[in-house]
Amino acid sequence: MKCSGRGKFAGLILAVALAWGLYASAAGAADLAPREEAALFSLADLGPVDASPQTVTVELYVGPEPELADCRRMSAQVWQQVVQFYARLGVNLVEVAGEAQPGPLAPAQRLRIELLPDKQWLARSYRAFDVAPPFQLRFLQVCLDKCAFAHLNLSTIHVSFKRFQKAEFSPDPQDAGLNRHWMANLLIHELGHLLGLYHSFEFTDDPVALETKTTSITPNFMSHDIAFKSDLGFVDFQNRMIHSYLSGGKVFQQYQQVNFDALKYLELLKRYNNFHESPPTRSFKSGKVSYRLASSDRPQTFDDDDDDEDDD
Ligand SMILES: [Zn+2]
């Protein structure tokens, strides 16, 4: 997630983490022959998808620090909007109050959202990305306009509420409802990553992009264009991907195969479906360049916001 500065619409970016696979268990990965791997990562056929409603438990943790007072005030209403959105997708989010220590997290079953003071957010991001001290300065720069990271391999989303509030919220009391929508949309988007989705703008010719072009349901919840929107949409293919993921279907098996490493996952999707990456595009609202995963440069892969940025 990118914080683009107050008064601007954010170019929402993947905050999905570029898992090194350090934390993921290797248990799920099988040794596949190239043809088997190609078949597994083909999105041309998702195989049988269990479309029945799925339940996911989410630990919602808001730190007790004074810095998070506004967050605590708004979190119940924000969460309600998140739940309502996913209900439309047939996903029943069950909230449990997060303790300081995570419970038994598991991909597709029990996830965790941590709304943290900024310092803690940075510290946990260092740890989650395994950023050693020599690289922490570089990471700090990368983080300058970030507010949130979704770590698929940890089943956890880290949010710096203060950063988000400072960079994005409208200070006008009349905009409190809009701020709540924006906050909810951020969590909806990041949860989308933990439910097996990549960005709707990742490729120009994948099923999501093709379907998005032919529907008027915008803005897509996995797109950039979600700041302050009171309503988000999704396409059917995303719905099927989520259900495939949550029911242990093909999409879940794909992620298992890469130990829930989102970067590796996209590489394999691209390779075996012959997808084309979207060129960096300008968000028409903010004039910002939008971003995709920079898969070529590991030290930079703290998120996908590593293309040349055209800050204004
Ligand atoms: Zn994202």
> Of H158, W79, L111, which is farthest on the positive side of the dipole of region 26-300, counting Cα position, with +1 on Lys and Arg Cβ, -1 on Asp and Glu Cβ, and the Cα centre as origin?
Replying inline: H158
> How would you order 220-230, 94-104 from highest to lowest mean count of nearby Cβ atoms within 10 Å?
Replying inline: 220-230, 94-104
> Check N220: other-chain or 5+ apart residues with amide H under 5 Å from its amide H, H built from backbone geometry?
Replying inline: G233
> Once you list every other residue whose beta carbon is under 15 Å from the beta carbon of G103, what net charge do they have if Lys and Arg are +1 and Asp and Glu are -1?
Replying inline: -2
> Sequence-distant or interchain residues sharing an amide H contact under 5 Å with H151, placed H: which?
Replying inline: A17, T156, I157, H158
>> With θ taken as phi - 60° and the coefficients 6.51, -1.76 and 1.60, list the Karplus ³J(HN,Hα) couplings across region 44-61 in order, rounded to whole Hz; mark glycine and proline as x.
In response: 4, 9, 7, x, x, 10, 6, 8, 5, x, 10, 10, 10, 8, 10, 7, 9, 10
> Of the cross-linked pairs K146/K264; K146/K229; K162/K229; K146/K250, which ones have a Cα-Cα span greater than 29 Å in the structure shown?
Replying inline: K146/K250
> Ordered by residue, what ³J(HN,Hα) values in Hz, to whole numbers, does region 173-183 give under the Karplus form 6.51 cos²θ - 1.76 cosθ + 1.60, where θ = phi - 60° and Gly and Pro are x?
Replying inline: x, 5, 9, 4, x, 5, 4, 4, 4, 5, 4
> What's the local net charge at R72, with K and R +1, D and E -1, over the other residues with C-beta under 14 Å away?
Replying inline: -1
> Out of residues 5 or more away from N92 or on other chains, whose amide H comes under 5 Å of its own, with H placed 1.01 Å from N in the peptide plane?
Replying inline: Q54, T55, V56
>> Quick one: 3J(HN,Hα) in Hz for region 120-125, Karplus 6.51/-1.76/1.60 with θ = phi - 60°, rounded, Gly and Pro as x.
In response: 5, 4, 5, 4, 6, 5
> Restricting to region 26-300, what percent of DSSP beta bridges are antiparallel, rounded to 5?
Replying inline: 25 percent
> Relative to the Cα centre, what is the charge dipole magnitude of region 151-243, using +1 at the beta carbon of each Lys and Arg, -1 at the beta carbon of each Asp and Glu, and rounding to the nearest 20 debye?
Replying inline: 340 debye
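We did not get these values from a lab; they are worked out from the coordinates using the rules stated. This structure is a prediction, so every number in the text was calculated from the model and none was measured. Neighbour counts run over all protein chains shown; Cβ positions are idealised from the backbone, glycine included.
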